[in-house]
Structures are given as structure tokens and as C-alpha cells.
Amino acid sequence: MTDVTLTEKPELTSHGVALSDAAAAKVKSLLEQEGRDDLRLRVAVQPGGCSGLIYQLYFDERLLEGDTTRDFEGVEVVVDRMSVPYLDGATIDFEDTIQKQGFTIDNPNAAGSCACGDSFH
């Protein structure tokens, strides 16, 4: 019989994405509606869109190798290793006005975006 040593899970590093108070409140509200306390807000950048890259914002129950996390008063925001450089310094906000309702991402790394505002380069 051989001894097996269990290693601790490596500490996840933080990222530079910020979540506004309004966005954190909206995420908490959506999670309460879902009745789930095991979900995290995942922010990612994927190839696509008319400007080359698109944002993805969704709830995820998984933590993958290389993920970075940051907690905003009970709302955990996860960014994958490949997206971190594209999102460093970005702020996620939530707008709820007559003209617009939804999450917005103010990203200082975006050199330009398309007219629809969903993709950037």
C-alpha cells in the first residue's frame, strides 16, 4: 500500500475587472430569482463580432484551471486566464433607464468598437 499525499488546490489569483455597486446588486437579484447560491458571474472575451472580439457575460458554476476570481460583497466574478489581459481595468456596470437596460462594460483596453457596441478590438 502506498501513501498518497493530497495537495491543496492552488490559490486563485485576482484580476483587474471591477463590478459597480449597481451591477453587483443586479447580479445578486438575478441569482436570488434563480434560487442558486453556487453560481459565479463569468466574464470572458471570445473571437467574433464585427470588430474582432466579443464580450461574454454569464453565470457559471465551474472554476477552471487558470481562472482568476474577485469577490464584490458576495458576488464572485471569474475571468479566465486568456481574457485577463483584454479585460484588465474594465468596469462592469448595470444601467436601468428608459433608454437602456442591461450590463455595460467600460474597457480601457478596447481600441475601438462597432456601432452595436457588442464587439471591440
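The values are calculated or read from the model by the stated rules, or taken from the named source; none is laboratory data. What you see is a predicted model, and the numbers here were worked out from it, not measured in a lab. All Cβ positions, glycine included, derive from the backbone under ideal geometry; neighbour counts span all protein chains shown.
Looking across the stretch 30-59, the residues that are among the acidic types (D, E) and over 21 Å from V17 (Cα atoms) come down to E32, E34, D37.
In the condition set (1) small (G, A, S); (2) modelled with pLDDT under 90; (3) surrounded by 17 or more Cβ atoms within 10 Å (Cβ to Cβ), S83 is compliant with all but (2). Show the residue pairs meeting these rules: Cβ distance below 9 Å; 6+ apart or different chains; first residue within the stretch 38-55 and surrounded by fewer than 18 Cβ atoms within 10 Å (Cβ to Cβ); second residue among the charged types (D, E, K, R) and at pLDDT below 90. That search, which allows pairs on different chains as well, returns G49/D118; C50/D118; I54/D118.
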